Structures are given as structure tokens and as C-alpha cells.
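What follows is a set of notes on a single structure, which appears directly below.
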Amino acid sequence: MTRESLVAPPRTPGGGDDSAVLTQSRTQPERFGAIFDAYHAEIHGYAARRLGPDAAGDVAAQTFLEAFRARHRYDPSRASVRTWLYGIATNLIGKQRRAEVRALRARARIGPEPDAEGHADRVHVAVDAAGLRGALAAALADLADGDRDVLLLVALAELSHQEVAAALEIPYGTVGSRLNRARRKLREALGGTNPMHAQEDHHG
């Protein structure tokens with residue numbers, strides 16, 4: 001896996017019409033297919049980065065199944081469709097905490113990538129569970145579940161603090177405190193390197 005593949009994936013083209021499409025799907029279920037087409041690949045990628053490719057398909061499928069069932073309860077004033085889907089996916093991943101931590105521990109035992117030595121300044125690109133190695137994987141495994149959720153929604157999904165709050169249904173201030181705590185612990189584990197510096201100013 002190349003370093004380029006470890007950066008957060010580009011946002012799937014969406015738009016202001018997403019909420020309208022989802023609302024229309026309440027009476028026209030076939031319209032939900034447009035939501036699936038727009039976001040399935042992105043949600044699948046997020047699940048793969050957190051749990052690995054084997055579990056990603058099930059998480060992505062369940063995310064859209066739950067979204068379809070809950071489409072009547074979606075409130076566009078609270079979150080965009082994209083943010084809402086990330087919240088559902090994160091909750092489903094939360095049901096597999098042991099699997100995620102186990103995978104991170106396994107990657108920690110693998111050790112650093114062969115070319116990782118001397119490139120601490122690039123460690124921020126490796127906040128990706130599919131390519132984690134060494135100390136970073138171990139540090140992520142040691143984070144509290146809520147802290148890890150917040151950090152990875154920022155690092156992998158590039159959600160703003162406000163979007164993370166909406167996705168997880170937690171106060172805005174809680175997002176900041178969890179993210180700061182996670183950054184501090186990772187920085188300490190990595191000898192002072194901040195793996196989140198690419199997202200430091202991403203507050204949205």
C-alpha cells in the first residue's frame with residue numbers, strides 16, 4: 001500500500017439535493033438508490049480503513065439498510081445526508097470494537113513500514129486503519145472508543161467538528177475535547193510528532 005493511498009479519500013460528489021432525494025424516497029422508495037450510488041463507495045472505504053476489507057462490505061450494506069429503514073426520521077436541519085450516513089456507519093463499527101482493537105494490535109506487532117524510518121513528518125498520512133503500523137496502531141488501539149471515533153471521523157471522513165457532533169449526536173464542545181485528548185495521546189506515543197497536523201485547522 002502506497003503512502004498516497006493512506007490519505008483521507010476525496011469527498012464523494014453530493015449536493016444540496018441529497019436531502020430532497022432522501023425525503024422523496026419516503027414515498028418513492030426507488031429514489032433511495034441515488035443515495036446508495038452517491039455514497040456507498042465512500043462509506044465502504046471508511047469501514048475498510050477502520051475494520052479491514054473483510055468486514056467493510058457487511059458494515060456498508062447494513063449502513064444503507066438502516067438508513068433506508070430510518071429515512072422517515074432523517075432531519076435535514078440536523079445533518080447532511082453524508083454526515084448522517086457516517087454516523088450510522090460509526091455506530092455499526094462501534095458494535096465491533098473488539099475486532100477493531102484486535103486489528104490495530106495486530107498491525108502494531110507488524111512494526112513500521114520498511115521506508116517509515118526517518119519520515120516522522122509524514123506520519124499524519126498514516127491515520128488509516130488499513131495501513132497502520134507500529135506505534136501509531138498501538139496508540140489508536142489505546143484510545144477511548146469515543147475519542148477514536150471522533151479522531152477517525154476527522155482524519156478519514158474529513159468531517160468538521162460540527163459534522164462530527166451531528167453524526168455522533170454529541171455536543172459540539174465534546175468533539176473538541178475528545179479530539180484534543182486523542183491528539184495529545186497520539187503525540188505522546190509518537191515521540192512528539194502530531195499525526196493530525198493536516199487537520200489542525202479543519203474546524204468547519
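Relative protection proxy for 175-186, 73-84, from highest mean packing down: 175-186, 73-84 (other beta-carbon atoms within 10 angstrom).
Work out the FRET efficiency for residue 106 and residue 27 from their Cβ-Cβ distance, taking R0 = 45 Å, and round it to the nearest 0.05.
Values: r = 47 Å, r/R0 = 1.04.
So the FRET efficiency works out to roughly 0.45.
Ordering 40, 72 by accessible surface, largest first, gives 72, 40; the 1.4 Å probe counts only protein heavy atoms, with every chain in place. Annotation: peptides 86-97, 24-35, 42-53, ranked by per-residue average of other Cβ atoms within 10 Å with the highest first, follow the order 42-53, 86-97, 24-35.
Be a star and scan the range 138-159 for residues whose amide nitrogen sits under 18 Å from the point 7 Å along the Cα-to-Cβ vector of residue 62. Residues 145-146, 149 fall inside that zone.
Does a label point 7 Å from the Cα of residue 98, set along Cα-to-beta-carbon, have any residues of the range 53-78 with amide nitrogen under 19 Å, and which are they? Zone members listed by number: 54-56, 59.
The values are calculated or read from the model by the stated rules, or taken from the named source; none is laboratory data. These numbers were taken from a predicted model, which means no experiment stands behind them. Cβ coordinates were reconstructed from backbone atoms using ideal geometry, including for glycine residues, and neighbour counts include every protein chain displayed. The protein model used for the area step is the full one, side chains on, heavy atoms only, and it has no ligands, DNA or RNA in it. Shrake-Rupley method; radii C 1.70, N 1.55, O 1.52, S 1.80 Å.
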